[in-house]
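A.B. asks: Just passing along the structure, written as structure tokens.
Where a number appears in this text, it was derived from the coordinates with a stated rule and is not lab data. Predicted model only: the values in this text are computed from it and were never measured. Cβ placement follows ideal geometry from the backbone for every residue including glycine, while neighbour counts extend to all protein chains displayed.
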Amino acid sequence: MQGIDKYIHLSRALGHTFADEALLEQALTHRSAAKTHNERLEFLGDAILGMVIADTLYKAFPTVPEGKLTRMRSTLVKGETLAELAKEANVGELLRLGQGELKSGGHRRSSILADAMEAILGAIYLDAGLPKVQQVIASLWDSRIKSLDPNEHPKDNKTRLQEFLQSRRLSLPVYEVVDITGQDHAQTFNVSCAVEEFNLTVSATGNSRRKAEQQAARLMLEKVEHAAK
């Protein structure tokens with residue numbers, strides 16, 4: 001009963017109760033907490049989400065060209081969207097983190113929440129199959145899909161940061177790969193982002209250089225917007 005009570009809110013948010021609760025527990029386990037963690041499930045969930053969203057958009061927007069479909073898909077599967085969904089489901093409260101991540105507020109970190117959300121989707125696929133995970137994604141993403149405008153050009157964090165600085169005639173941010181850890185098939189990139197005029201440097205991680213840079217740009221944008229007020 002304790003396990004059921006612990007995950008009841010998440011199960012309701014997902015519209016799925018796990019037959020194999022160990023899959024959900026693994027999906028909620030950060031690599032800092034245990035050897036059996038959620039990165040493989042994250043890999044699976046990322047692929048499934050991309051395919052399901054692509055299929056949904058293809059059918060929902062039959063006259064929209066490939067370029068616009070790609071932009072729309074990017075908006076729906078980006079880390080920020082995943083983190084928002086994870087927060088709505090209170091995923092952070094259930095994460096298993098190592099002591100270092102706990103102390104640094106890892107249960108609130110968008111990158112960790114986004115990865116966990118992808119891992120949960122991978123776990124649902126293994127637990128109940130493709131039709132079920134399609135149903136879960138359709139439910140969770142429904143309002144976001146309905147609000148999409150094919151003619152809108154969503155800007156990523158790096159673009160937004162660049163435009164913010166350029167509008168004030170400031171130097172462009174400098175990105176640098178600080179560290180790469182993990183095996184070749186499961187690397188983690190630690191990237192720094194520096195803005196000279198504000199004397200600010202932030203760092204972020206991701207499972208690709210692009211994701212890490214986007215996350216670092218998001219953090220920097222928050223700081224420079226605050227500093228400019």
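A.B. asks: Pick out, from Thr56, Ile120, Gly15, the residue whose Cα sits farthest towards the positive end of the charge dipole of the range 2-146, with +1 on the Cβ of Lys and Arg and -1 on the Cβ of Asp and Glu.
C.D. replies: Of the candidates, Thr56 comes out farthest on the positive side.
A.B. asks: Another one. Please report, in debye to the nearest 20, how large the charge dipole of the range 98-196 is about its Cα centre when each Lys and Arg carries +1 at its beta carbon and each Asp and Glu carries -1 there.
C.D. replies: Using Cβ point charges on Lys, Arg, Asp and Glu, the range 98-196 gives about 380 debye.
A.B. asks: Taking 0.36 nm per residue of separation and subtracting the Cα-Cα distance, what length does fully extending Ile8 through Arg144 add?
C.D. replies: Additional length available on full extension: 46.5 nm.
A.B. asks: Suppose a student asked you for the relative contact order of the chain, using Cα pairs under 8 Å spaced at least 6 residues apart; what percent would you report?
C.D. replies: RCO, the chain: 18 percent.
A.B. asks: Also: Helices from the chain with mean Kyte-Doolittle at least -1.0 and a Cα length along the axis of 20 Å or more, per DSSP H: which?
C.D. replies: In the chain, the long hydrophobic H runs are 39-60, 110-128, 130-146, 209-228.
A.B. asks: Set the Förster distance to 22 Å, then compute FRET efficiency between Tyr58 and Lys155 from the Cβ-Cβ distance, nearest 0.05.
C.D. replies: So the FRET efficiency works out to roughly 0.40.
A.B. asks: Hey, if you put +1 on the Cβ of every Lys and Arg and -1 on every Asp and Glu Cβ in the chain, which of Thr205, His37, Leu161 ends up farthest toward the positive end of that dipole?
C.D. replies: Leu161
A.B. asks: Let me ask something else. Considering only Val77, Val178, Val52, give the residue with the highest GNM mean-square fluctuation for the chain, with springs between Cα atoms whenever their separation is below 10 Å.
C.D. replies: Residue with maximal mean-square fluctuation among Val77, Val178, Val52: Val178.
A.B. asks: Something else now. Pick from Gly92, Gly129, Gly79 the residue whose mean-square fluctuation is largest in a GNM of the chain, springs joining Cα atoms under 10 Å.
C.D. replies: Per the Cα network of the chain with a 10 Å cutoff, Gly129 tops the list.
A.B. asks: What is the distance, in nm, between label points placed 7 Å from the Cα along the Cα-to-Cβ direction at Asn90 and at Ala19?
C.D. replies: 2.7 nm
A.B. asks: Run the dipole for the chain about the Cα centre, Lys and Arg Cβ at +1, Asp and Glu Cβ at -1, nothing else charged, and hand back the magnitude in debye, nearest 20.
C.D. replies: Computed charge dipole of the chain: roughly 440 debye.
A.B. asks: Next up: Here are some values of volume of the Cα convex hull per residue in Å³: [x] 106; [y] 130; [z] 142. Which one was computed from this structure?
C.D. replies: Label of the calculated value: [z].
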